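Take a look at the structure below.
Computed from the coordinates by the stated procedures, all read-outs in this text should not be read as laboratory data. Just so we're clear, the structure is a prediction, and the values are computed from it rather than from any experiment. Here the Cβ positions follow ideal geometry from the backbone for every residue, glycine too, while neighbour counts run over all protein chains shown.
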Amino acid sequence: MEIEATAHGTGVIVDAIDKGASFAIDLEVKAMARLLEDGRGIKARDKTAKDIAKRVLKFFGYEYGLEIKTESEIPPDKGFGEKEAISVATALSVLGVLARKHGAINELRIDKYLRGQFLIIDEKIVDKKCIIDLCMDSGVQFDRASASLYGGFIIANNKKREILRRGEMESLHAVILIPKELEGVNANELSFVNELELIWNEALRGNLYIAMRLNSLLYRNKNAKKMLDAGALTVSRSREGGVIALSRDEDKIRDIVNSVKREGRILIQRVMNTEAKILVKPKKVIKIREFLELKRDQEFNWL
């Protein structure tokens, strides 16, 4: 049995102390989990994927053998959320295997437009917050894992693992700069605790583009400034140096690209409002009334 799942990379809105805000971009990680009927243990080249798979099996009390494979479009080590996307995609693929063997992969249809997957394992609905919790290990940020899972933007208290605000982004173009080297001031070299708190509060109020711009300029990132001067609506800058310029206007993309084309490799993508998912057809499509009867007193956080 093989199950595939996908999750997406993320950009930074603001990265404060114990708090964060992120948004999803359409750079994809695909994870495949294959059940090894005649063995135990986890076979995986990627350490993050192997650790997450072990954690999922342990949480549900199974000792199956699994082979995990991951494919990533996300540039590594530049702050585009690759580790979080690998964690989410791997967790979903393993959960998909368990749901196929011990439950079901269903679709919840809330209304004509709003729907999403939900899993049943051992006659219990898998809480979506549980999926994020299973992804959390050293180096994985809660807000980024949440944005990778849900799509759109997430504003969160990372220390408490609480999502405080969530929503869809505009359908924006994303010009992604993968710099040759780290440019600007490293976040570890200076402490901007008070400033970052103010910027994070700005994001919490819904002023995402202002917060993103201020977070980038706080570190005196020259590439971010060049992209803003070239007409970007706003710019996201990660601690690792990756930069994402967002634009409503397709005609401005060329100017934005030309402003930094000598600084590194450039990808032209879009923001992503689609949630991470398991790539199988649902066993059942269930409407909200039937879902509530099925859920009964089980805890289930849609967010």
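How would 173, 102, 8 line up from fewest to most surrounding beta-carbon atoms within 10 angstrom? Please report the intermediate quantities before stating the final value.
On the way: 173 19, 102 14, 8 31.
In order of increasing Cβ crowding within 10 Å: 102, 173, 8.
Determine by what factor the alpha-carbon radius of gyration of region 1-143 differs from 2.2 N^0.38 Å, reporting the quotient. Please list the in-between numbers first.
Working: Rg = 15.3 Å, N = 143, 2.2 N^0.38 = 14.5 Å.
For region 1-143, the normalised Cα radius of gyration is 1.05.
Listing 130, 135 from the residue with the fewest other Cβ atoms within 10 Å to the one with the most, what is the order? Numbers along the way, then the final one.
On the way: 130 18, 135 30.
Ascending Cβ contact count within 10 Å gives the list 130, 135.
Normalised by the residues of the chain, what does the relative contact order come to in percent, with Cα pairs under 8 Å and at least six apart? Can you show the working numbers first?
Values: 707 pairs, mean separation 78.3, N = 303.
Once divided by the residue count of the chain, the mean separation gives 26 percent.
Just 171, 72, 87 to compare: in a GNM of the chain, with alpha carbon springs under 10 Å, which one fluctuates most?
171
Give me the extension gain from residue 198 to residue 115: residue separation times 0.36 nm, minus the current Cα-Cα distance, reported in nm with one decimal. Mind showing how you got there, number by number?
Working: separation 83, 0.36 × 83 = 29.88 nm, distance 3.50 nm.
Taking 0.36 nm per residue and subtracting the Cα distance, the gain is 26.4 nm.
May I ask which residue of 145, 208, 89 lies farthest towards the positive end of the charge dipole of the chain, with charges of +1 (Lys, Arg) and -1 (Asp, Glu) on Cβ and the Cα centre as origin?
Ranked along the dipole, the leading option is 89.
Report, in debye and to the nearest 20, how large the dipole of region 4-83 comes out about its Cα centre when Lys and Arg carry +1 and Asp and Glu carry -1 on their Cβ. Walk me through the numbers before you get to the answer.
Values: 14 positive and 15 negative charges, 71 e Å.
Taking the Cα centre of region 4-83 as origin, the dipole is about 340 debye.
Among the GluC sites (Glu not before Pro) in region 1-81, which ones are in a DSSP loop with at most 14 other Cβ atoms within 10 Å of the Cβ? Mind listing them?
Numbers: sites: 2, 4, 28, 37, 63, 67, 71, 73; in loops: 37, 63, 73.
Passing both the DSSP loop test and the Cβ count: 37, 63.
Taking the Cα centre as origin and putting +1 on Lys and Arg beta-carbons and -1 on Asp and Glu beta-carbons, what dipole magnitude results for the chain, to the nearest 20 debye?
Details: 52 positive and 46 negative charges, 59 e Å.
Roughly 280 debye, rounded to the nearest 20.
Dipole magnitude of region 175-303 about its Cα centre, charges +1 at Lys/Arg Cβ and -1 at Asp/Glu Cβ only, in debye to the nearest 20? Don't skip to the answer; put the middle values down first.
Working: 24 positive and 18 negative charges, 120 e Å.
The dipole of region 175-303 has a size of about 580 debye.
May I ask for the angle, rounded to the nearest 10°, between helix 193-204 and the longest principal axis of the chain, with both axes built from Cα atoms and the value confined to 0 to 90°?
Result, in degrees: 60.
If the cut-off is 23 Å between C-alpha atoms, which lysines fall inside it for residue 226, apart from same-chain ones fewer than 8 positions away?
78, 180, 252, 261
DSSP loop (so not H, G, I, E, B), at most 16 other Cβ within 10 Å: list which trypsin sites (Lys or Arg not before Pro) in region 218-291 pass both filters. Could the numbers behind the result be given before it?
Values: sites: 220, 222, 225, 226, 237, 239, 248, 252, 254, 261, 262, 265, 270, 277, 283, 284, 287, 289; in loops: 220, 239, 248, 261, 262, 283, 284.
The qualifying sites are 220, 239, 248, 261, 262, 283, 284.
Roughly how far apart, in whole Å, are the Cα centres of region 205-253 and region 22-98?
Using only Cα atoms to place each centre, the spacing works out to 31 Å.
Got a sec? Charge dipole of the chain, +1 on Cβ for Lys and Arg, -1 for Asp and Glu; which of 44, 233, 247 is way out at the positive end?
44
Specify, per residue and in Å³, the volume enclosed by the convex hull of the alpha carbon atoms belonging to the chain. Walk me through the numbers on the way to the answer.
Details: hull volume 39.2 nm³, N = 303.
Normalising the Cα hull of the chain by residue number yields 129 Å³.
Test of the criteria: in region 82-123, which GluC sites (Glu not before Pro) are in a DSSP loop and have at most 10 other Cβ atoms within 10 angstrom of their Cβ? The partial results should precede the final answer.
Details: sites: 82, 84, 107, 123; in loops: 123.
Sparse-neighbourhood loop GluC sites (Glu not before Pro): 123.
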